[in-house]
Amino acid sequence: MDMLKMDALEEGGIYRITARNFFVGAWNGTNGFIGIRQKFSDRYLFTEYHHDYSPHVGTARPWEKVGQVPEGVELIERTPTECSDCGRPAHFERDDPGSPRGHWFHADGSPVCEGGAVTLTYQPLFDVLEPYRKAEDERWIEEENARKSNKEGSS
Ligand SMILES: [Zn+2]
């Protein structure tokens, strides 16, 4: 099977891909696929760039379309940063221009609450992709088992 080129991809299309961290991803319409990455016990949305987008960071090769992200679900990894206690939007301000140090504030300029600012994985897209990820993992396990039993049969 040939890899799909970028201009053949549909924005919001869900594709079977070969990439470093996952095997199903939604095309973001410009340069990459958003998929579910697992790191230790954490699972979150992450972008892998198309192989043709950049020889340096492009790790994803798409093979076929398997689904479509529904209307109304955004193609983003994370929610905008918010205060973990009150849920209001939060933004970062440097203590001094050019300084890496700074603090998080609510939109009205008051410091964020005790829990600090958080950015969360964008759950609506995660929920859309999860069944596709699961199906792809199961398909992969079946193929592996078939390969193994073929080997045993031929030896
Ligand atoms: Zn707050």
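The values are calculated or read from the model by the stated rules, or taken from the named source; none is laboratory data. Since the model is a prediction, treat every value here as computed from it, not as a measurement. Cβ sites come from the backbone with ideal geometry, for glycine too, and all protein chains shown count toward neighbours.
Quick notes on this one:
Conditions (1) surrounded by fewer than 11 Cβ atoms within 10 Å (Cβ to Cβ); (2) under 26 Å from F46 (Cα atoms); (3) aromatic (F, W, Y); (4) not assigned by TED's automatic domain parsing to the domain that holds N28, marked per residue:
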| position | (1), (2), (3), (4) |
| --- | --- |
| D108 | yes, no, no, yes |
| P111 | no, no, no, yes |
| P131 | no, yes, no, no |
| E138 | yes, yes, no, no |
| I141 | yes, yes, no, no |
| R147 | yes, no, no, no |
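- Taken over the range 7-60, the criterion of being buried (at least 18 other Cβ atoms within 10 Å of the Cβ), over 10 Å from the mean Cα position of the chain (by Cα) and basic (K, R) is satisfied by R16 alone.
- Near pairs, Cβ below 8 angstrom, 6+ apart or cross-chain, from the range 107-127 (on the phi > 0 side of the Ramachandran plot) to any residue that is within 12 Å of the ligand (Cβ to nearest atom) and assigned to a loop (DSSP other than H, G, I, E, B): G116/S84
- Residue in the range 104-122 that is within 23 Å of W27 (Cβ to Cβ) and either assigned to a helix (DSSP H, G or I) or within 16 Å of the ligand (Cβ to nearest atom) (or both) present: yes
- The range 34-98 holds strands (runs of 3 or more DSSP E) entirely within its bounds, and those carrying 2 or more residues that are without any contact (Cβ under 8 Å) to a residue 40 or more places away in the chain and more than 16 Å from the ligand (Cβ to nearest atom) map to 42-50.
- Against the numbered list (1) in contact with a Phe, Trp or Tyr (Cβ under 8 Å, 6 or more places away or on another chain); (2) at pLDDT below 95, P111 comes up short only at (2).
- E138 vs. criteria closer than 15 Å to I14 by Cβ and free of Cβ contacts under 8 Å to residues at least 40 places away in the same chain: no
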